[in-house]
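> Okay, here's the structure, questions in a sec.
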Amino acid sequence: MYDPLVHAFPKKTQSDPDSYWLKVSGRDPEDDGTVAGDFDVDVVIVGGGYTGLSAALALGRDHGIKATVLEARSSAWGCSGRNGSFARISGGRVPWSSLVKIYGADVARAYFQELRQGLDTVRSLITDSGIECARQPDGVYKVATFGAHADALRREEELYNTVLRYPARYVDKSGLRGVHEGPESHGALHLPDGFSLNPLELARGLHRRARSHGARIHTNSPVTDWITEGDWHRLVTPTGTIRARRVIVATNGYTSSRLHARLASRVLPVHSQIIVTSPMSDAQVEASLPSEKCMFDTRELLFYYRRLPDNRLLFGGRSAISGKDAAAPRHRQYLYEAMTRKFPALAGISVDHWWGGWVAVTRNSLPFCYKVPGMTDVFTAGGYAGSGVSFSIHLGTKLALMAAGRPFETGASFLAREPERYPFASFIRLGQWMAYRWLHVKDAREAHQARGDR
Ligand SMILES: Cc1cc2nc3c(=O)[nH]c(=O)nc-3n(C[C@H](O)[C@H](O)[C@H](O)COP(=O)(O)OP(=O)(O)OC[C@H]3O[C@@H](n4cnc5c(N)ncnc54)[C@H](O)[C@@H]3O)c2cc1C
C-alpha cells in the first residue's frame, strides 16, 4: 500500500481501495488523460481530491483562470473518495475548550464561523451544481461511550451555546432511545448542522464542475520531481513536464516526504480504516442504530459510524500505523470487535467492505492554508485530521483566491501559519505507536471502571 513516509508518489500499481463508495457509485468522470509532452500553464494544482478540485473550480468560476490539475491516480483516489462521508462543522482535532484556552474566545469563534462557512460552501455546491451524492438530512450526535463522559458533554454544550453561540443540545440517555441503542449510549451532544453523503460522488461532481469551468484534469500523472528555475516551477511527471508560475499543493495526507524539501514532515499521515457490514435486518437496526444521522463517540481513539441507505453499518476508526501493516486482518478485527461491543445485536454480521486511507495531522492538530514562505507563488492547504470533507472544499476556494493574487482574510489567524515540522522524522512512527498504546490504555481503563460501576 502507498505510504507517504516511504514512497515517492502513489504508483499505478497500487490498488484501489475495497471501498463501498466505489461499489455504489457511477463511472469515473471524463478527464484529460495522462500528461502528454511538455507544456506551460498559468496555475498547476498537484492532487485531485476535494482541496485541489475545489481550487480548480473556484479558479475557473470566480477568477477566470483555467487551472491544470495533476493527479497521481484518478480524481478522489486519496481521502476524498474513501472517507466516512460526514460533512460537518469541523476541521482538525483540537477540542473547543482547548482552542479557547490557547487562542482566546474571539479567535475560536472566528474559526467556528470559518468552519460553518465551510459547511455552507458544500451545501451550496451540492445544490447549485445539482450534484447527486445521496445527501442525508442534517444532524450529528457525539455519543457518550461511558456514563462518566456525560458531564463533559454537558460542559461542551454550555461552551457551544455561550462562547460559540451555537445551538448544540445535550440529549440524555433516555432521549437517545430510538436513535442510538446498545450499552454505549449514555447521552449525547446533538449538533443540528452536518450531514452524510456519498463522498465519491461529491468529488466526482466537483471534478465535472471544475472541468465545465475550464480546468484540465490529468489523471495517472504523478509529480515525480519539482525543479525551480527563477520564477518558474517545473513539475516533472513520467510522461511530460509542466512549467507553471503558480503552484497549488493539495496532496494533504498523501504528501510524500520526497515531493519537495520545503513541504516535508509538515503533516503526519495517519491511517484511518472503515468496515461496512452486510445489510442489517430490521430487528438489528432497531437494536443498534435506528437513526440515519452522523455518529461518533467520546473515546480517546474515537469511532465514527452511520447507517447507510441500504441498512448497512459503516464503522471507522484508527489502528494501523504503517502502510505495510495496514492490510493485517487484526485491524479489521479491531473495528469489528469495537462495533459489536457497541452494538451487540450485530454479533456475527458479515463485513462486505474494508478499506483505509491517510488523513493528515499537523503538530498542533489544526488545518493550514498559506502561501509557502521561501518559494515563489506556491500555496497549500490541508491538515484536516480526518475532518476535512467540508473544510477542504472551503479551503480550496481560499487557495484559488490567493493564487489569483487576493488575500485570504480570516479571524482564525493560525490557519495562515506554516505548520511546524515533525522533528526526528525517522522516529515519528514509534512516537505514534506509543501514543496509541497510551490512548488504548486510557480507553481500556475507563471501560474497566464503567463495568465496575454497573
Ligand atoms: C477512512 C477515512 C475516513 C474519513 N472520514 C471523514 C469524515 O467522515 N468526515 C470528514 O470531514 N473527513 C473525513 N476524512 C478526511 C477527509 O476525507 C479529508 O480531509 C479530505 O478528503 C481531504 O481532501 P484533500 O483533497 O485535501 O486530500 P486527498 O483527497 O487525500 O487528495 C490528495 C490527492 O493527492 C494525490 N497525490 C499525492 N501525491 C501526488 C503526486 N506526487 N502527484 C500527483 N498527485 C498526488 C493523491 O493521489 C490524492 O488523490 C476521512 C479520511 C479517511 C481516510
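Residues checked against (1) out of contact with any Asp or Glu (no Cβ under 6 Å at 6 or more places or on another chain); (2) among the acidic types (Asp, Glu); (3) on the phi < 0 side of the Ramachandran plot; (4) open to solvent by 10 Å² or more (accessible area, probe 1.4 Å):
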{"site": "Ser221", "(1), (2), (3), (4)": "yes, no, yes, no"}
{"site": "Thr224", "(1), (2), (3), (4)": "yes, no, yes, yes"}
{"site": "His233", "(1), (2), (3), (4)": "yes, no, yes, no"}
{"site": "Gly253", "(1), (2), (3), (4)": "yes, no, yes, no"}
{"site": "Glu300", "(1), (2), (3), (4)": "no, yes, yes, yes"}
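> Sticking with this one: What pairs come up if the first residue lies in segment 66-94 and is closer than 26 Å to Ala36 by Cα and among the β-branched types (Val, Ile, Thr), the second is more than 6 Å from the ligand (Cβ to nearest atom) and not in a loop (DSSP other than H, G, I, E, B), and their beta carbons are under 6 Å apart, counting only those six or more places apart or on different chains?
Partner pairs satisfying both residue conditions: Thr68/Val41; Thr68/Val44; Thr68/Arg216; Val69/Ile45; Val69/Ala56; Val69/Ile217.
> Additional query: Going residue by residue through segment 112-126, is there one that turns out to be in contact (Cβ under 8 Å) with a residue 24 or more places away in the chain, open to solvent by 30 Å² or more (accessible area, probe 1.4 Å) and of a type in the set (D, E, K, R)?
yes
> Which ones in segment 363-386 are within 12 Å of the ligand (Cβ to nearest atom), open to solvent by less than 20 Å² (accessible area, probe 1.4 Å) and part of a loop (DSSP other than H, G, I, E, B)? Let's see the steps before the verdict.
The first filter runs over segment 363-386 and keeps only residues within 12 Å of the ligand (Cβ to nearest atom), leaving 367-369, 380-386.
Next, from what is left, pick out any that are open to solvent by less than 20 Å² (accessible area, probe 1.4 Å): 367-369, 380-385.
Result: Pro367, Gly383, Tyr384, Ala385.
> On the given criteria, is Leu53 under 30 Å from Arg406 (Cβ atoms), outside any loop (DSSP other than H, G, I, E, B) and among the aliphatic types (A, V, I, L, M)?
So Leu53 fits the description; yes.
> Return the only residue of Ala72, Ala76, Ala58 being away from the ligand (no atom under 13 Å from the Cβ), closer than 18 Å to Gly382 by Cβ, crowded, with 20+ Cβ neighbours inside 10 Å and of a type outside the set (Val, Ile, Thr).
From the options Ala72, Ala76, Ala58, the qualifying one is Ala58.
> Does at least one position in segment 283-302 carry a residue that is away from the ligand (no atom under 13 Å from the Cβ), modelled with pLDDT of 95 or more, more than 23 Å from Ala150 (Cα to Cα) and assigned to a loop (DSSP other than H, G, I, E, B)?
Looking for residues that are away from the ligand (no atom under 13 Å from the Cβ), modelled with pLDDT of 95 or more, more than 23 Å from Ala150 (Cα to Cα) and assigned to a loop (DSSP other than H, G, I, E, B), one finds none in segment 283-302, hence no.
> Further question: Can you confirm whether segment 404-414 contains a residue that is crowded, with 24+ Cβ neighbours inside 10 Å and away from the ligand (no atom under 11 Å from the Cβ)?
Keep residues of segment 404-414 that are crowded, with 24+ Cβ neighbours inside 10 Å, which gives none.
Checking segment 404-414: not a single residue is crowded, with 24+ Cβ neighbours inside 10 Å and away from the ligand (no atom under 11 Å from the Cβ).
> How about segment 312-335: which of its residues are in a helix (DSSP H, G or I) and either surrounded by fewer than 15 Cβ atoms within 10 Å (Cβ to Cβ) or in contact with a helix residue (DSSP H, G or I) (Cβ under 9 Å, 6 or more places away or on another chain) (or both)?
Those that are in a helix (DSSP H, G or I) and either surrounded by fewer than 15 Cβ atoms within 10 Å (Cβ to Cβ) or in contact with a helix residue (DSSP H, G or I) (Cβ under 9 Å, 6 or more places away or on another chain) (or both): Pro329, Arg330, Gln333.
> Would it be correct to say that Gly253 is closer than 26 Å to Cys133 by Cβ, within 16 Å of the ligand (Cβ to nearest atom) and not in a strand (DSSP E or B)?
Answer is yes for this residue.
> Quick one: would you say Trp358 is hydrophobic (A, V, I, L, M, F, W, C), near the ligand (Cβ under 10 Å from one of its atoms) and assigned to a strand (DSSP E or B)?
Spelling it out, Trp358 is indeed hydrophobic (A, V, I, L, M, F, W, C), near the ligand (Cβ under 10 Å from one of its atoms) and assigned to a strand (DSSP E or B).
The values are calculated or read from the model by the stated rules, or taken from the named source; none is laboratory data. Computed from a predicted model, the values in this text were never measured in an experiment. As a convention, Cβ positions derive from the backbone with ideal geometry for all residues, glycine included, and neighbour counts pool all protein chains shown. Keep in mind that these areas ignore ligands, DNA and RNA; they rest on the heavy atoms of the full protein, side chains included. Shrake-Rupley method; radii C 1.70, N 1.55, O 1.52, S 1.80 Å.
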